[in-house]
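In what follows, a structure is listed as structure tokens, so that the remarks can point back to it.
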Amino acid sequence: MTSAFSKAAQERIPGIIARYAEKRGALLPLLWLAQEEQGYVSEEAMKEIAGWLDLTPPQVYETVTFYTMYNRRPIGKYHIQVCRSLMCALVGTDNLLGWIHAKLGIKTGQTTPDGLFTLSQVECLGSCGTGPMMQINDDYYERLTQDKTNRVLDDVKREGKCPLATGPFMFPEPAQK
Amino acid sequence: MATHELLLLKNMSQPGYSGSLADYERAGGYQALKKVLGKIPPGDITEMVKKSGLRGRGGAGFPTGVKWSFIPKDHPGPRYLICNADESEPGTFKDRQLMERDPHQMIEGMIIAAYAIGVRTSYIYIRGEFVLGARVLERALAEAYQAGYLGKDILGTGFALDLYVHRGAGAYICGEETALLESLEGKRGLPRIKPPFPATHGLFQKPTVVNNVETLANVPHIVNRGAEWFASIGNPPKSSGTRVFCMSGHVKRPGNYEVPMGVTFREIIYDIAGGMRGDKPLKAFIPGGASAAFLMPEHLDVKLDFESVAQAGSMLGSGGITVMEEGTCMVWAAENLLHFFNHESCGKCTPCREGSSWLLQILRRIDHGKGKMEDLATLTRLCGNIAGRTVCAFGDAEIAPITSTLQYFRDEYEAHIREQRCPFRSQPAPELISVGR
Ligand SMILES: Cc1cc2nc3c(=O)[nH]c(=O)nc-3n(C[C@H](O)[C@H](O)[C@H](O)COP(=O)(O)O)c2cc1C
Ligand code: FES
């Protein structure tokens, strides 16, 4: 049977399990590993993980479905998540959604016809002082303007990433001497 | 306002500071650990933290040293220390900065805490979205192992500690400490009924301390400079030390600012954060994250310490201060927050699970011009049926935006209902929906 995990990933699994006094503790990390491998958590992966951790597949499934970040089906290559919570909304979530729509033609919940971008609205991402903001896959983009948003989307489409992504976060940035 | 010394943000405020181990050590990092390990008995460290007056920065403000002292001394173990880096309270973004810009400060605090309570295995539970934060921490932990600050025989003293990063996966409730423990055990993040408390029955039913990132980051400073020194900062004895306040909303200079507790809202809004955007009048503010009741301009001279904010009818909470200018619709603001709470309710307790959805529906109806006057009484009744009737504090949190806006802005609710539209908005309300993943 082929595995949902690559050989390299499989080799990491025992080390991850060893971090926890009870095997089940490794469930979230293994789900992350599965998602890294396949872009989502497939039912095959869930069954394999259940085997590793001496759980039943439903025990894995109930955990997977509780957390919003595990995808249970493949999604667009770039997942745009716009923060809709109050602090961002006060400074222009609506504008940001409008700019994305103008650029990509998609609304919340939709994917571009080429399958590249999926747009979601999510709750607070912990950058409330630097809104409006969005996360694209792993990266944060903050203090967005229309120009900046366009540039990010262009760059990501072309190269998969954009240098405007926030690095180690500090705001306001310290004064330079 | 007088300038004051930065503690937690000091290193990262130096130009060029990278947060690497080398930079941290050059700034005096890990001196506290060296002072402690094998030289000061663990119990004395707990005493020192008690004496310093340090209280938890995660939201509830529980005295940190007291929490540590609840760990049973005769327990065969294992015991656990967990750093709560779930930071998901809307309005809060300080832990992210503390972790990403100066990870070793928090790690040193964790090692000292682990030593004080006799822990050999410890986890940092970081919210799943902080991918960069998790990477920064992994790198910092590798450096710390390499340098002998973590691992089997730390600094040759025989003390051993393993420290791991554990990523959450998108669930606000996992910031609540017992839900966090469930999540760490690989389960759904449903809060546990207390008692028993984590101090005796925590992770895998073993004695466990859960502390916030900022709480732990304070520990090396207390060790380095003494409990008395720390207890002299801020507004002692109940509110010692500084806090990193997260300023958001309609201020000129949003961001993280570290100030001694006891400054006033006026100072932090008008001096430190530069005042209102466009110099508009202030309408209301949230003093401590989305779970804290709204406060009014009349509260500007309230001090930012645990007791004063509680006395004003709200809470210091997570330190997230959200400022709203005149013209902001309070029904819309409450509705936005209830969307959050409804989305994040874990579903365990009926009053919270069902109540949050009813509250949201009613607020949405009023905001969209379809409300009825009876709705206001229904809101109040529903809130009363949720308060204090849930396993965790989420229930009390989700009603705070409604009860406080109803208290201060009842006329605004009534205007929405009377005029059958939002008096602040010329266009129909945009349909903000959340699909999650
Ligand atoms: C719904 C809810 C969410 C919470 N979220 C967080 C959080 O994101 N980060 C945090 O440190 N504490 C959070 N807390 C508080 C924790 O339960 C706990 O009190 C805290 O981590 C203890 O650390 P401290 O004593 O250092 O503050 C939350 C509490 C509740 C009820
Ligand atoms: S409210 Fe948008 S990141 Fe917190």
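The values are calculated or read from the model by the stated rules, or taken from the named source; none is laboratory data. If you're wondering where the values come from, they're calculated on a predicted model, not measured in any experiment. Neighbour counts are summed over all protein chains in view; Cβ atoms, including those assigned to glycine, are modelled from backbone coordinates with ideal geometry. Side chains included, ligands, DNA and RNA excluded: accessible areas come from the protein's heavy atoms. Shrake-Rupley method; radii C 1.70, N 1.55, O 1.52, S 1.80 Å.
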Search segment A:156-173 for residues that are within 22 Å of B:GLY255 (Cβ to Cβ) and pair each with any residue that is open to solvent by 60 Å² or more (accessible area, probe 1.4 Å) and part of a loop (DSSP other than H, G, I, E, B) when their beta-carbon atoms are under 8 Å apart and the residues are at least 6 apart or on different chains. A:PRO172/B:ARG253
With the structure loaded, tell me whether A:GLY109 is more than 16 Å from ligand 1 (Cβ to nearest atom), open to solvent by 10 Å² or more (accessible area, probe 1.4 Å) and either of a type outside the set (Phe, Trp, Tyr) or under 15 Å from the mean Cα position of the chain (by Cα) (or both) or whether it fails that test. yes
Within the bounds of segment B:212-225, is there any residue that is away from ligand 2 (no atom under 16 Å from the Cβ), outside any strand (DSSP E or B) and free of Cβ contacts under 8 Å to residues at least 40 places away in the same chain? yes
Report, ordered by the first and then the second residue, all pairs with beta carbons closer than 7 Å, sequence separation of six or more or different chains, a first member in segment B:182-209 that is within 12 Å of chain A (Cβ to nearest Cβ) and of a type in the set (Gly, Ala, Ser), and a second member that is crowded, with 20+ Cβ neighbours inside 10 Å and in a loop (DSSP other than H, G, I, E, B). B:SER183/B:GLY168; B:SER183/B:GLY189; B:GLY189/B:ALA171; B:GLY189/B:CYS346
Working only within segment A:110-129, note down all residues that are at the interface with chain B (Cβ under 8 Å from one of its Cβ atoms) and either among the aliphatic types (A, V, I, L, M) or touching a Leu at 6+ places or on another chain (Cβ under 7 Å) (or both). A:GLN121, A:VAL122, A:LEU125
Only one residue in A:PRO29, A:PRO58 is under 19 Å from B:ARG127 (Cβ atoms) and in a helix (DSSP H, G or I), so which one is that? A:PRO29
Would you call A:ASP54 within 16 Å of ligand 2 (Cβ to nearest atom) and either more than 9 Å from chain B (Cβ to nearest Cβ) or open to solvent by 60 Å² or more (accessible area, probe 1.4 Å) (or both)? no
Taking the criterion of being among the β-branched types (Val, Ile, Thr), touching a strand residue (DSSP E or B) at 6+ places or on another chain (Cβ under 9 Å), modelled with pLDDT of 95 or more and open to solvent by less than 10 Å² (accessible area, probe 1.4 Å), would at least one residue in segment A:94-103 satisfy it? yes
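This table checks each residue for (1) acidic (Asp, Glu); (2) over 19 Å from the mean Cα position of the chain (by Cα); (3) away from ligand 1 (no atom under 14 Å from the Cβ).
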residue: B:LYS10; (1), (2), (3): no, yes, yes
residue: B:VAL36; (1), (2), (3): no, yes, yes
residue: B:ILE45; (1), (2), (3): no, yes, yes
residue: B:LEU81; (1), (2), (3): no, no, no
residue: B:THR92; (1), (2), (3): no, no, no
residue: B:ASP102; (1), (2), (3): yes, no, yes
residue: B:ILE107; (1), (2), (3): no, no, yes
Within the bounds of segment B:93-116, is there any residue that is within 12 Å of chain A (Cβ to nearest Cβ), open to solvent by less than 10 Å² (accessible area, probe 1.4 Å) and among the basic types (Lys, Arg)? yes
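Identify, please: which residue in segment B:155-206 is under 13 Å from B:ASP86 (Cα atoms) and among the polar types (S, T, N, Q) and is, among those, nearest to ligand 2 (Cβ to nearest atom)?
By that ranking, first place goes to B:SER183.
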Given B:GLY186, B:GLY151, B:GLY158, B:GLY226, which one is surrounded by fewer than 24 Cβ atoms within 10 Å (Cβ to Cβ), over 26 Å from B:PRO90 (Cα atoms) and touching a helix residue (DSSP H, G or I) at 6+ places or on another chain (Cβ under 7 Å)? B:GLY151
Could you tell me whether segment B:239-253 includes any residue that is free of Cβ contacts under 8 Å to residues at least 60 places away in the same chain, of a type outside the set (Phe, Trp, Tyr) and closer than 30 Å to A:GLY92 by Cα? yes
Would you please name the residue that is nearest to A:GLY39 (Cα to Cα), looking only at residues in segment A:131-177 that are within 15 Å of the chain's Cα centre (by Cα) and of a type in the set (D, E, K, R)? A:ASP138
So which residues in segment B:320-346 are in a strand (DSSP E or B) and either under 15 Å from B:ALA397 (Cβ atoms) or more than 12 Å from chain A (Cβ to nearest Cβ) (or both), if there are any at all? B:GLY320, B:THR322
What about B:ASN336, is it of a type in the set (S, T, N, Q), open to solvent by 30 Å² or more (accessible area, probe 1.4 Å) and within 29 Å of A:GLY126 (Cα to Cα)? no
B:HIS4 meets each of (1) open to solvent by 30 Å² or more (accessible area, probe 1.4 Å); (2) within 28 Å of B:GLY118 (Cα to Cα) with one exception, condition (2)
Note down all Cβ pairs under 6 Å where the first residue falls in segment B:55-67 and is more than 14 Å from chain A (Cβ to nearest Cβ), the second is within 16 Å of ligand 2 (Cβ to nearest atom), and they're at least six residues apart or on different chains. B:GLY59/B:GLY317; B:GLY59/B:SER318
Considering only residues that are out of contact with any strand residue (DSSP E or B) (no Cβ under 7 Å at 6 or more places or on another chain) and of a type in the set (Gly, Ala, Ser), which ones fall in segment B:276-318? B:GLY278, B:ALA290, B:SER291, B:ALA293, B:SER308, B:ALA310, B:GLY313, B:GLY317, B:SER318
Within segment B:229-269, how many residues are open to solvent by less than 10 Å² (accessible area, probe 1.4 Å) and among the basic types (Lys, Arg)? 1
Quick check: is even one residue across segment B:162-176 free of Cβ contacts under 8 Å to residues at least 40 places away in the same chain, open to solvent by 10 Å² or more (accessible area, probe 1.4 Å) and either more than 28 Å from B:PRO287 (Cα to Cα) or outside the structural domain of B:ALA32 (by TED's automatic domain parsing) (or both)? no
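Quick check on segment A:82-91: of everything there that is touching a Gly at 6+ places or on another chain (Cβ under 9 Å) and open to solvent by less than 10 Å² (accessible area, probe 1.4 Å), which residue is farthest from B:LEU282 (Cα to Cα)?
Kept after step one, since they are touching a Gly at 6+ places or on another chain (Cβ under 9 Å), are these residues of segment A:82-91: A:83, A:85-91.
Narrowing further to those that are open to solvent by less than 10 Å² (accessible area, probe 1.4 Å): A:83, A:85-88.
Values: A:CYS83: 24, A:SER85: 20, A:LEU86: 16, A:MET87: 15, A:CYS88: 18 Å.
In this case the residue turns out to be A:CYS83.
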Just to be sure before I move on: is B:VAL49 of a type outside the set (Lys, Arg), out of contact with any Leu (no Cβ under 8 Å at 6 or more places or on another chain) and modelled with pLDDT of 95 or more in the structure I sent? yes
Restricting the first residue to segment A:66-86 and requiring it to be at the interface with another protein chain (Cβ under 7 Å from one of its Cβ atoms), which pairs with a second residue that is among the β-branched types (Val, Ile, Thr) and assigned to a loop (DSSP other than H, G, I, E, B) meet a Cβ separation below 7 Å and a spacing of at least six or different chains? A:TYR70/A:VAL41; A:ASN71/A:VAL41
So in segment B:57-66, with the set limited to residues that are at pLDDT 95 or above and crowded, with 24+ Cβ neighbours inside 10 Å, which one is nearest to ligand 1 (Cβ to nearest atom)? B:GLY58
